[in-house]
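The values are calculated or read from the model by the stated rules, or taken from the named source; none is laboratory data. Quick caveat: nothing in here was measured; it's all calculated off a predicted structure. When we count neighbours, we look across all protein chains shown, and the Cβ atoms used for this are built from the backbone with ideal geometry, even at glycine.
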Amino acid sequence: MSLVPQPAVFLYLLIIVTCVVLAFIVARPAITASREGKMLAFVGFLVLPVFCGFWGGTEHFERSKQTSFCLSCHIMEPWGRSLHVDDPAHIAAAHFQNHRVPPDEACYTCHTDYAMYGTMRTKLHGLRHVYMYYIGKPMNPIHLYSPYNNRECLHCHLGSRSFEDPTHVAMMDDLKSNNLSCISAGCHDTVHKVDTLAQFKSWSSQQ
Amino acid sequence: MNPAPANPKMARALRVSGLLLVIGLLIELISLHFNHPLSFLGFMFVGGGLIVLGVLVYLWALVSLAPSDSSTP
């Protein structure tokens with residue numbers, strides 16, 4: 001497990017304050033007989049814990065988008081290394097190294113579902129990953145649950161000048177309808193070639 | 001504040017609720033220190049579950065054990 005570099009200090013403080021308020025009321029329950037005590041108890045037993053829970057949930061949710069979060073499972077290590085392959089033909093590596101996707105959220109940016117409730121669906125998939133990793137039997141080799149949807153590529157590329165060349169324009173309908181995958185053989189078919197990583201040099205930023 | 005002796009059952013319910021909430025919040029605090037799927041699950045299901053339980057015990061105590069206000073018409 002990696003320690004989080006920038007903890008949500010205010011959330012930490014709020015949790016500690018809530019615990020202190022709770023401890024005070026539990027130690028002196030007689031104060032809840034007064035009106036002010038009842039109000040303090042309402043805030044300490046209901047408002048603050050629920051607020052802390054939602055804030056903490058949001059914080060965890062945001063952190064779960066981080067590349068380091070996805071790669072914290074040992075089984076994902078080769079996929080993490082594939083982002084550093086020194087070969088522009090590897091599209092995952094090229095996107096990561098050239099910051100076409102935010103490097104801190106590289107996995108999430110390409111593997112989320114750009115549709116309604118897509119983030120929630122992605123997180124539910126994440127729960128399935130955890131179940132398979134700790135309780136079930138992980139896939140061998142790892143593969144996507146369903147074919148990669150062109151929608152995730154087009155979310156960024158559609159409308160961009162470099163994408164709208166004659167080749168892409170000619171097949172745009174098939175791309176939009178997923179009849180032709182962006183990662184079809186002969187197109188952008190080198191994504192995460194984890195079985196051939198040893199053949200390539202590794203690149204990493206100097207920063 | 002003018003504290004009066006609390007209903008013993010209410011005081012006990014508050015103690016149970018407070019304990020559940022403090023443990024839940026401490027689990028949340030610890031889970032926030034790590035960036036790992038297990039800490040996410042610990043937060044969601046263990047910490048979150050205890051917080052929900054603690055709040056429910058408090059609400060149940062309010063509804064069932066709090067003395068009725070005699071000044072209300």
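Listing for the model above:
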| read-out | value |
| --- | --- |
| Filter result for the condition that a residue is of a type outside the set (Ser, Thr, Tyr), within 27 Å of B:Leu38 (Cβ to Cβ), part of a helix (DSSP H, G or I) and at pLDDT below 95, over A:Leu22, A:Leu13 | A:Leu13 |
| Out of B:Val63, B:Val55, B:Val22, sole residue that is surrounded by fewer than 15 Cβ atoms within 10 Å (Cβ to Cβ) and either free of Cβ contacts under 8 Å to residues at least 24 places away in the same chain or within 8 Å of chain A (Cβ to nearest Cβ) (or both) | B:Val63 |
| Every pair of residues 6+ apart whose Cβ atoms lie under 6 Å, when the first sits in the range A:106-122 and is farther than 20 Å from A:Met76 by Cα while the second is part of a helix (DSSP H, G or I) | A:Tyr114/A:Arg151; A:Tyr114/A:Glu152; A:Tyr114/A:His155 |
| Number of positions in the range A:133-179 that are of a type outside the set (Val, Ile, Thr) and farther than 17 Å from A:Thr109 by Cβ | 29 |
| Checklist (1) facing chain B (nearest Cβ under 8 Å); (2) of a type outside the set (Gly, Ala, Ser); (3) more than 18 Å from the chain's Cα centre (by Cα); (4) more than 30 Å from B:Val22 (Cβ to Cβ) applied to A:Cys73, failing item | (3) |
| Candidates A:Ser68, A:Ser34 - the one that is farther than 22 Å from A:Tyr145 by Cα, of a type in the set (Ser, Thr, Tyr) and surrounded by fewer than 19 Cβ atoms within 10 Å (Cβ to Cβ) | A:Ser34 |
| Subset tally (residues that are surrounded by fewer than 17 Cβ atoms within 10 Å (Cβ to Cβ) and more than 8 Å from chain B (Cβ to nearest Cβ)) for the range A:37-54 | 7 |
